[in-house]
1. Report, in whole Å, the centroid distance computed from the Cα atoms of segment 329-368 and segment 46-89.
2. In whole Å, what is the distance between the alpha-carbon centres of segment 400-475 and segment 114-138?
3. If I take all pairs of Cα atoms in segment 230-301, what percentage of them are more than 14 Å from each other?
4. From the backbone phi of segment 54-66, what are the Karplus-calculated ³J(HN,Hα) couplings (6.51 cos²θ - 1.76 cosθ + 1.60, θ = phi - 60°) in whole Hz, Gly and Pro given as x?
5. Given the DSSP H assignment, sum -39500 (n - 2.57) over each helix run of at least 4 residues in the chain and divide by its residue total; what's the result at 222 nm in deg cm²/dmol, nearest 500?
6. Determine the relative contact order of segment 31-379: mean sequence separation of Cα pairs under 8 Å and six or more apart, normalised by residue count, in whole percent.
7. Can you flag which of LYS215/LYS323; LYS132/LYS403; LYS382/LYS451; LYS116/LYS190 are past 31 Å Cα-Cα?
8. Once the mean 1/r over all distinct Cα pairs of segment 252-341 is inverted, what Kirkwood radius in angstroms do you read off?
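Readers should treat all values here as calculations from the given coordinates under stated rules, not as data from a laboratory. All figures in this text were calculated on a predicted structure; none of them were measured in a lab. Counting neighbours? That spans all protein chains shown, and the Cβs are built from the backbone with ideal geometry, glycine included.
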Amino acid sequence: MVTRSPHIYRLVLAITLSSLHVFAQTNDSPKVRLSFKLPPNFAEKTAKYMQERVRVTGFSGAVLVAHDGRPVFREGYGLANHELSVTNTPKTRFRLGSVTKQFTAAAILLLEERGKLKVADPVNKYLSDWPKAWNKVTIHHLLSHTGGLPRLTTQVLLDVSGLSRGTPLPFRSIRDLYKPGEELQQLDFKSGEKFAYNNQGYIVLGLLIEKVSGKPYCEFMREQIFRPSGMTDTDCEEPRVVLKQRASGYTGVDGTIANAGYIDMRFPGGAGAILSTVDDLLLWDRVLASDRLLSAGARDKLFTIVKSDYAYGWWVQTKFKRKVEWHRGTVSGFMAMIARYPEEKLFIAVLSNFERTQVRAIATELAAIALGEEYELPREHKEIKIEPETYDAYVGKYSKDGKPDDSFALVRDGSKLMMQIPPGQTVFEIFPESPVEFFSKGTEYYLTFAKNDEGKVTHVLIRNEGEESRWIKSP
């Protein structure tokens, strides 16, 4: 849900999806910690890190780090509105994009606890206009992106930036999600067999919540999720409603800041319609750590991996050898990231009103500071000129820790060094900043090559959005 040219959109999406696959965390068991304490100089280091973030990348947004439910770092940066010179604060409201999905998932589990539905139920039990060809899809499948819903040609699947003020009313039924004849398409794969991230499934869940509860999605969320959680600054965004302290969204065009494209946030619904503040997201974290809204059993479902490290509206992985629960959101003009380290009771929220902000990198590096792990201060990466023949030493196949199933390839295309992830699929250029250091423009993706005494490349360290991994070069 990002406003970009089709070429740039495909490249960024490809890099993002590939990085999620190729650089997924290992299955190492999290360390058991009886007691976790923040480093004594945590606030100082974090302030310095964010200062460099602002200087190098122009970060605009709000950041909150909390330990055991209490904020230990909480700041706003940049402008919420450039025309009026209004600054961002921790009370500024930002669009959450796909971070919305965890709230939708929680609403479904709340309805299950109240006996209104079961996640094992087929979707057509509640939505009578659900296509017959998709009858084996259950609510569980939609929650975990394992339904196999076919790729439809309707605009719901992707360029929501094309939803303008002239677009018809938001989706009111399943029939609004596809064009005539598309309901006859078979599933892309047998439900439950694979994982395929799908915004459409969460839009359907929003419609299902409306059907089962008898209330509009936003009204149900407001009454049953946000207000009981004390989240008074969290709501769905609607075009006619004037909201105080709402940030405007921006993008970059030719090195300048520009207003992001219009999008009617009613369309993403259960997949991305919510806006919130870092303060309210901390309240949400506290709700998830208690029985206030959902029982322990329901919360276990929320964070239990189904496939490909995805649970219900959350990625659940291992980072810094610790369990982390996280989700990122992207929607026209905004980026959002929420991360929880449950054993350490560490919570991080990063919200930005500039759509190219690397919020996942920020959240990862703030976690590294808090956990006493290695991290890097942001710095400028500038391309240098080197002889194209130099690239030949780097050409070849690389595998993570020598495992061939997780690999990428580097190829030389004239005067360019191109990266393929996995070999032959996603392709993008990397640029030299030294004879052994390279980077990808527009993302936080850096490579440092190592050579042996004979000058041959042996491996490469890749830093991807704040996370480092080691890749061995094949002979």
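1. Taking the Cα centre of segment 46-89 as reference, the centre of segment 329-368 is 12 Å away.
2. 45 Å
3. 71 percent
4. Computed from phi, the couplings for segment 54-66 are 5, 5, 7, 10, x, 3, 10, x, 9, 9, 9, 10, 10 Hz.
5. Taken over the chain, the calculation gives -6500 deg cm²/dmol.
6. 26 percent.
7. Details: LYS215/LYS323 36 Å; LYS132/LYS403 42 Å; LYS382/LYS451 22 Å; LYS116/LYS190 27 Å.
From the list (LYS215/LYS323; LYS132/LYS403; LYS382/LYS451; LYS116/LYS190), the Cα-Cα distance tops 31 Å for LYS215/LYS323; LYS132/LYS403.
8. Over segment 252-341, the inverse of the mean reciprocal pair distance is 15.4 Å.
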